[in-house]
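Working notes, beginning with the structure itself.
Nothing in this text is a laboratory measurement; each read-out follows from the coordinates by a stated rule. These numbers come from a predicted model, not from an experiment. Cβ placement follows ideal geometry from the backbone for every residue including glycine, while neighbour counts extend to all protein chains displayed.
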Amino acid sequence: MAAFISVLFDGIAYGSLLFVISVGMSVTLGLMRFVNLAHGAFAMFGGYVAYELVNRAGLSLFVALPVLLVGFAAVGAVLERVLYRWVSRTRPLDQVLLTIGVAFIATAIATWIWGPDQHSIALPAALKRQLHVFGLDLNVYRLFLIAMIVAITAVLHVLIERTRFGAQLRAAVDHPEAAAGLGIPVDRVFGLSFALGSGLAAVGGALGVEVLGLDPSFTFKYMVYFLLVVVVGGQGSIVGSAIAAISLGVFDVVGKYYVPGAGAFLIYALMVILLLVFPHGLIRRGR
């Protein structure tokens with residue numbers, strides 16, 4: 001029983017990490033309906049920049065995370081303005097082709113600068129400890145990941161559902177022409193939303209180095225996982241994405257531990273079943 005609880009805990013922590021990275025795509029794809037398949041590139045570069053800040057510049061990971069959030073939000077805002085905005089209202093196929101190209105370019109740049117080898121980040125001593133609770137040894141780092149999913153879900157839910165900015169974003173997504181006619185700066189709202197998604201992806205990438213690893217193939221290796229979290233959770237639903245990420249993480253870890261030969265099959269089977277039962281996602285965003 002203790003072994004199962006330990007595996008379940010690892011699965012929840014893994015799902016929390018997937019959510020932290022995928023939540024940025026939930027903003028860009030789920031809310032803005034922009035198919036950004038280069039989302040994983042922001043996470044990958046977030047991991048590499050965190051490696052430079054922590055391992056070489058000597059910053060604590062706790063200090064590096066807000067730096068990454070702000071820095072990559074700025075980068076995302078610039079890219080949205082000079083590159084992505086031109087295809088944001090075109091066919092999804094155009095968006096796919098552009099962002100896939102960006103992902104390949106990002107992979108090549110990462111290989112050129114950091115090489116093909118795996119990189120790791122030095123965690124703060126506070127996150128390396130083990131807590132002994134009810135006969136279980138719980139890793140503090142994984143507890144930290146679970147706390148992150150709770151905090152980010154709560155903050156984003158309030159931001160999107162309870163604030164003026166969230167109301168403007170929902171209006172701009174549902175009826176951009178009508179929103180613009182009412183004086184809502186649609187382009188600015190979309191730019192800020194894309195910036196937020198980019199910053200969150202970088203933070204997730206930095207946190208994911210310890211669990212997911214970091215190499216130039218990161219963007220494509222986990223692309224399907226990020227898409228599953230957003231689509232199964234329900235486009236635009238932060239809470240739904242959190243539930244989908246936790247479910248995917250638990251089934252992935254439990255499947256690989258107990259049925260290693262069919263671990264990947266169990267994940268995709270679960271996702272297919274969920275999409276058949278909930279074709280619009282676990283939670284649909286209210287309009």
(request) Report the label-to-label distance for Leu8 and Thr111 in nanometres (one decimal), using points 7 Å from each Cα along the Cα→Cβ vector. (result) 4.3 nm
(message) For a distance above 31 Å, tell me the whole-number percent of Cα pairs in the stretch 19-219 that qualify.
(response) 23 percent
(request) With everything on Cα atoms, drop me the angle between helix 263-277 and the longest principal axis of the chain, reported from 0 to 90° to the nearest 10. (result) 40 degrees
(message) What FRET efficiency comes out for Val96 versus Lys221 if R0 is 22 angstrom and r is the Cβ-Cβ distance? Round to the nearest 0.05.
(response) 0.75
(request) State, to one decimal in nm, how far the label point of Phe62 lies from the label point of Val140, with both points 7 Å from Cα in the Cβ direction. (result) 0.9 nm
(request) Mind pulling the angle between the C-alpha long axis of helix 238-258 and the longest principal axis of the chain? Nearest 10 degrees, somewhere in 0 to 90. (result) 30 degrees
(message) Quick check for me: using +1 on Lys/Arg Cβ and -1 on Asp/Glu Cβ, what's the dipole size of the chain about its Cα centre, in debye to the nearest 20?
(response) 560 debye
(request) Just need the relative contact order of the stretch 19-219 here, percent rounded to a whole number, with Cα pairs under 8 Å and 6+ apart. (result) 48 percent
(request) Pull out a ≥ b ≥ c, the square roots of the eigenvalues of the alpha-carbon gyration tensor of the stretch 1-121, then state rounded if a/c is under 1.5, prolate if not and a/b is larger than b/c, and oblate in the remaining case. (result) oblate
(message) Calculate the FRET efficiency for Arg89 and Leu159 from the Cβ-Cβ distance with a Förster distance of 30 Å, rounded to the nearest 0.05.
(response) 0.80
(message) I'd like the Kirkwood hydrodynamic radius of the stretch 157-256, using the inverse of the mean 1/r over distinct C-alpha pairs, in Å.
(response) 15.6 Å
(request) May I ask for the angle, rounded to the nearest 10°, between helix 186-212 and the longest principal axis of the chain, with both axes built from Cα atoms and the value confined to 0 to 90°? (result) 10 degrees
(request) Please order His39, His280, His132 by the number of other Cβ within 10 Å, starting at the fewest. (result) His132, His280, His39
(message) Among Phe251, Phe165, Phe190, which one shows the highest mean-square fluctuation when the chain is modelled as a Gaussian network with alpha-carbon springs under 10 Å?
(response) Phe165
(message) Multiplying the sequence separation of Ala178 and Leu266 by 0.36 nm and subtracting their Cα-Cα distance, what value in nm do you get?
(response) 27.3 nm
